[in-house]
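Asks: Got a structure for you, written out below as structure tokens; questions coming shortly.
Since every read-out is calculated from the coordinates, none of them should be taken as a lab result. Just so it is clear, the structure is predicted and the values come from calculations on it, not from any experiment. Note that each Cβ is placed from the backbone with ideal geometry, even for glycine, and that neighbours are counted across all protein chains shown.
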Amino acid sequence: MAAYRRKLFAVGLSWAALMSRSVCQSSRRLAVLPTLLRNNWKTLSVTGALCAVPFIQKPENLSHKDLVRRASSLVTNSANTYLSQTTLALLDSISGYNMAIDRLVSLHKHYVDSINSISSVDEDAIWQLILRRRQEVIDRRKDYKRFESCWMKAIDLSKLATEAAFNAGADQASMTAENSLQLAQSQVEEAQQLMLEAERQLKNSKAEESERLQNAFSTAMEEEDVPDAYLRED
């Protein structure tokens, strides 16, 4: 009987030790959780952050003014991220558009300079290249217009976020947003000046105004408009 009680007591100690280790591990995991939340807080979207606010009890040491100021800082951070991404996309699209123009102008100049010394076969091959370069310019211009529209919306959003932060008393966030806004505008303005110069070179080269080029594009458009039923042989 005594041996049985000793065995039972040993089992009880083992179970208690196991439970103690489990509780300690759980406590450590719970202690790490706030750190994980703080680290992941930067990845939350503005919508997620604002949706979480009503479900969190207001800390006693923070007023509503403090919470609004903190929320306005989150808004400016998100607005700055959107502005930086759209600015980068717009600058890349302008760069690609300028390079496409330069390739078309250079190729057209080569064609004009060598028109009297090339065979008809070589001339047709060069024209095929010119048509592809012309289409590339059109596609790049569309990309530029699309990203310019996104960028202008980002500018408007950044202005609203800057004003909201200023009115909420988040002076540092407001100044940061204002600086980011001015930097983005200056970078895009500089790139657009280069784009305008490239477009002037394109206009002066008359690469887009060539009669043969216009006829080729008109023929291509007409062929695309013809229904397939009329192209089948009887």
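Asks: Efficiency by 1/(1 + (r/R0)^6): what FRET value for L160 and N204, r their Cβ-Cβ distance, R0 = 45 Å, to the nearest 0.05?
Replies: Details: r = 41 Å, r/R0 = 0.92.
Efficiency, rounded to the nearest 0.05: 0.60.
Asks: Moving to a separate point now. Please report the spacing between the Cα centers of region 59-80 and region 125-165 in Å, no decimals.
Replies: Taking the Cα centre of each part, region 59-80 and region 125-165 sit 34 Å apart.
Asks: Could I ask something else about it? Could you give the radius of gyration (one decimal) and Dmax (whole number) of the Cα atoms in region 77-126, in Å?
Replies: Radius of gyration, then largest Cα-Cα span, for region 77-126: 19.4, 61 Å.
Asks: Which of the peptides 130-141, 105-116 is most tightly packed, and how do the rest follow, going by the mean number of other Cβ atoms within 10 Å of each residue?
Replies: Values: 130-141: 17.0, 105-116: 14.2.
Order by mean packing, descending: 130-141, 105-116.
Asks: Something else about it: Any idea how far apart E123 and L62 come out in nm if each label point goes 7 Å out from Cα toward Cβ?
Replies: Taking the simple label geometry, E123 and L62 are separated by 7.6 nm.
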